[in-house]
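Contents: one structure, followed by commentary.
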Amino acid sequence: MDEPQALTALSALSQETRLRIVRLLVMAGPGGMPAGSIGDELGASSSRLSFHLTHLEHAGLIQSRREGRSIRYSAAYEALSGLIAFLMRDCCQGRPETCPPAALGNI
């Protein structure tokens, strides 16, 4: 991940509902969740939810797939891992043994 991509991702995550959506989808696993279930879980209206899902998808943090008449969303794990790697890339000036456990992959 490069700096412009990281800025886009961080900007998308800087809003409470969008951060909650990403965390919910990470917990849901690779199968993801239907949009309606996400809305039910967060107590969000469909129009409000649609706005946030679109924002996250444009940032590359989630992905969607159509299943019949509904849309299922899932976390884009590679992008999320890339964001974390970008943030931790230069940790402790290249000496990961001096960094907290997060830098060593023990999150």
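The values are calculated or read from the model by the stated rules, or taken from the named source; none is laboratory data. Keep in mind it's a predicted model, so treat the numbers as computed, not measured. Neighbour counts run over all protein chains shown; Cβ positions are idealised from the backbone, glycine included. The area values use the complete protein model at the heavy-atom level, side chains included, leaving out ligands, DNA and RNA. Shrake-Rupley method; radii C 1.70, N 1.55, O 1.52, S 1.80 Å.
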Q. Under 7 Å by Cβ, and 6 or more places apart or on different chains, what pairs join a residue from the stretch 50-64 that is within 14 Å of Gln15 (Cβ to Cβ) with one that is assigned to a loop (DSSP other than H, G, I, E, B)?
A. Leu61/Ala76; Ile62/Ala76
Q: Name the single residue, out of those in the stretch 19-28 being open to solvent by less than 40 Å² (accessible area, probe 1.4 Å) and touching a helix residue (DSSP H, G or I) at 6+ places or on another chain (Cβ under 7 Å), that is farthest from Thr54 (Cα to Cα).
A: Leu24
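Table: residues versus (1) open to solvent by 40 Å² or more (accessible area, probe 1.4 Å); (2) under 13 Å from Arg72 (Cβ atoms); (3) in a helix (DSSP H, G or I).
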position	(1), (2), (3)
Leu7	yes, no, yes
Thr17	no, no, yes
Pro30	yes, yes, no
Asp40	yes, no, yes
Leu49	no, no, yes
Q. For the stretch 51-92, which residues satisfy the criterion of being among the hydrophobic types (A, V, I, L, M, F, W, C), part of a helix (DSSP H, G or I) and surrounded by 13 or more Cβ atoms within 10 Å (Cβ to Cβ)?
A. Phe51, Leu53, Leu56, Ala79, Leu80, Leu83, Ile84, Phe86, Leu87, Met88, Cys91
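Here is a yes/no grid of residues against (1) among the hydrophobic types (A, V, I, L, M, F, W, C); (2) touching a His at 6+ places or on another chain (Cβ under 6 Å); (3) farther than 12 Å from Leu80 by Cβ:
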residue: Leu10; (1), (2), (3): yes, no, no
residue: Ser14; (1), (2), (3): no, no, yes
residue: Thr17; (1), (2), (3): no, yes, yes
residue: Val22; (1), (2), (3): yes, no, no
residue: Gly32; (1), (2), (3): no, no, yes
residue: Ala35; (1), (2), (3): yes, no, yes
residue: Arg48; (1), (2), (3): no, no, yes
residue: Ile62; (1), (2), (3): yes, no, no
Q) Out of the residues in the stretch 93-103 that are under 24 Å from Leu13 (Cβ atoms) and open to solvent by less than 70 Å² (accessible area, probe 1.4 Å), which is modelled with the highest pLDDT? A) Cys99
